[in-house]
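Q: Before I ask anything, here is the structure I am working with.
The values are calculated or read from the model by the stated rules, or taken from the named source; none is laboratory data. Everything numeric in this text was worked out from a predicted model, so none of it was measured. So basically every Cβ, Gly included, is an ideal-geometry build from the backbone, and we count neighbours across all protein chains shown.
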Amino acid sequence: TRGGGVEEDEEDEEDWMRRTEAATGVWRAGDRRHSMETAHICVIGDAFVDILACPLDRMPSWGSDVDCPSISQHPGGSALNVAIHLGELLRGTPHTCSFYGLVGDDEFGRFLRSKLADSNVEDRTQSSGDSEASTGVCIVLSGSNDRGFVTHVGATSKLGVGHLQEILEVDCRRKRLHVHVSGFYSCPSLQQQLPAFLDKLREEASSNSCKLTISLDTNGDASDLWDCGVARVLERVDFFLPNEVEASGIARKLMNESEDCSDQLLELERAAQCLAGKVQDAVVITCGKEGCISQTRTGAGASAPPTRWSAPSGIVPVDATGAGDAFDAGFIYSMVVSGGSLANAIQAGSCTGAYCTQHKGANSRPMSSSQLAEMVQEKFKAC
């Protein structure tokens, strides 16, 4: 919590707004009153230690070896990545971010907690208490444009709504709250409980006059079934931020289709229409260097075509790990903190995602708010 009384907090916020208003393309002047409210962002989900092998020219095949110039250890997990990126974007502002996850009582767990402490993120992680549930580990094999994973889910598989009660008891008493759920398919104990928890979250926020928004990024489903009750969760979130594989898989499941469409763009547009009809506000499908596709619930209802967005130009990627998580952070930062429009949020997310690919690791060089403002101005000035 921040020190000082209400008047001091309001003065801090006004000073911060004056310092950031000049960053055109991210902040929208028409939403000044909305963005003046101190926001808190809760990130819920997976926490892993990433063992990163990068850069790789190709994936190894069974019985073979591939030389890699560097193998290193990093904090990871989709939700943890989002929290770390948000922590840097929020540094020096009156807004705050917390992370809710589960780790083991081991060296990897202590490593992740130390990284959160350095990242301007409130650590709400808990230890699993199960000697068999060690901290999750993800081996990441990464090239310049794509990557593959080998994952031990570990303690993250035990994360449930019982670990999230502080959100209901404390965070819902704030003026402005955003809750982001990530790594849905890595959290089996949370999946079936999540719809009821989100309903309770809406109820508590409403009773406390808290302005609440919710976003979701499922990440990949190792089973390739794309279910686990995700449809019931989608109905309760404002924004869904999948990548193209996740969007296609979930949409096919919802439409009861088993075959991939031969036209990938057409398939993604159909997926956007389907998914936007499920959520409260909008879906944004990230497509790597091809940019992203967005559709709103209103647009889907009116059978309007989805909108295609180009990725920032002039980017030389080094490592694609965590780019989607960085996109989520930029999107949330613009939408929630800066009061940006959907277009503003997509531009901000595109920049944080692109910036992430220029550095090794999913969160080794998170972007600052000033860097984001400059990049949005440079890449989308004509928009």
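Q: I'd like the full set of residues that are surrounded by 11 or more Cβ atoms within 10 Å (Cβ to Cβ), free of Cβ contacts under 8 Å to residues at least 24 places away in the same chain and either over 21 Å from the mean Cα position of the chain (by Cα) or closer than 16 Å to A348 by Cα (or both), limited to segment 292-306.
A: Listed by number, the residues that qualify are T298, G299, A304.
Q: Quick check, is G277 at pLDDT below 95, in contact with a helix residue (DSSP H, G or I) (Cβ under 8 Å, 6 or more places away or on another chain), farther than 27 Å from H40 by Cβ and small (G, A, S)? Full working, then the answer.
A: Working: at pLDDT below 95: no; in contact with a helix residue (DSSP H, G or I) (Cβ under 8 Å, 6 or more places away or on another chain): yes; farther than 27 Å from H40 by Cβ: yes; small (G, A, S): yes.
Here the answer is no, as G277 does not meet what is asked.
Q: Oh, and also: Consider segment 126-165. How many of its residues are hydroxyl-bearing (S, T, Y) and in contact with a helix residue (DSSP H, G or I) (Cβ under 6 Å, 6 or more places away or on another chain)? Even if it seems obvious, please write down each step before you answer.
A: Let us first name the residues in segment 126-165 that are hydroxyl-bearing (S, T, Y), namely 127-128, 131, 134-135, 142, 144, 151, 156-157.
This time we only want the ones that are in contact with a helix residue (DSSP H, G or I) (Cβ under 6 Å, 6 or more places away or on another chain), so: 128, 134-135, 156-157.
Matching residues across segment 126-165 total 5.
Q: Do you know which of the residues in segment 201-238 that are among the small types (G, A, S), out of contact with any helix residue (DSSP H, G or I) (no Cβ under 7 Å at 6 or more places or on another chain) and assigned to a helix (DSSP H, G or I) is nearest to Y185 (Cα to Cα)?
A: Taking the candidates together, the pick is S206.
Q: Still on this structure, please answer the following. Quick one: how many residues across segment 204-227 are at pLDDT below 95, surrounded by fewer than 20 Cβ atoms within 10 Å (Cβ to Cβ) and on the phi > 0 side of the Ramachandran plot?
A: 1
Q: If you go through segment 112-156, how many residues are under 21 Å from D171 (Cα atoms) and either within 19 Å of the chain's Cα centre (by Cα) or in a helix (DSSP H, G or I) (or both)?
A: 10
Q: I'd like the full set of residues that are within 21 Å of A373 (Cα to Cα) and surrounded by fewer than 18 Cβ atoms within 10 Å (Cβ to Cβ), limited to segment 316-332.
A: Looking only at segment 316-332, we keep the residues that are within 21 Å of A373 (Cα to Cα), and these are 316-317, 322-332.
If the condition is that a residue be within 21 Å of A373 (Cα to Cα) and surrounded by fewer than 18 Cβ atoms within 10 Å (Cβ to Cβ), then V316 is the only one that fits.
Q: Cβ-Cβ below 9 Å, separation at least six or inter-chain, first residue in segment 36-49 and on the phi > 0 side of the Ramachandran plot, second part of a strand (DSSP E or B) and of a type in the set (A, V, I, L, M, F, W, C): which pairs?
A: G45/F99; G45/V181
Q: When the residues of segment 81-111 are filtered to those that are outside any helix (DSSP H, G or I) and among the polar types (S, T, N, Q), which remaining residue is surrounded by the most Cβ atoms within 10 Å (Cβ to Cβ)? It would help to see each step written out before you state the result.
A: The first filter runs over segment 81-111 and keeps only residues outside any helix (DSSP H, G or I), leaving 91-106.
Right, trim to among the polar types (S, T, N, Q) and you get 93, 96, 98.
Numbers: T93: 20, T96: 20, S98: 22.
Here the residue is S98.
Q: Any idea which residue in segment 352-383 is modelled with the lowest pLDDT, counting only those that are in contact with a Gly (Cβ under 6 Å, 6 or more places away or on another chain) and of a type in the set (A, V, I, L, M, F, W, C)?
A: The qualifying residue modelled with the lowest pLDDT is A362.
Q: Please work out which residue is farthest from R91 (Cα to Cα), limiting yourself to segment 326-382 and to residues that are among the basic types (K, R) and part of a loop (DSSP other than H, G, I, E, B).
A: Per the criteria, the residue is K381.
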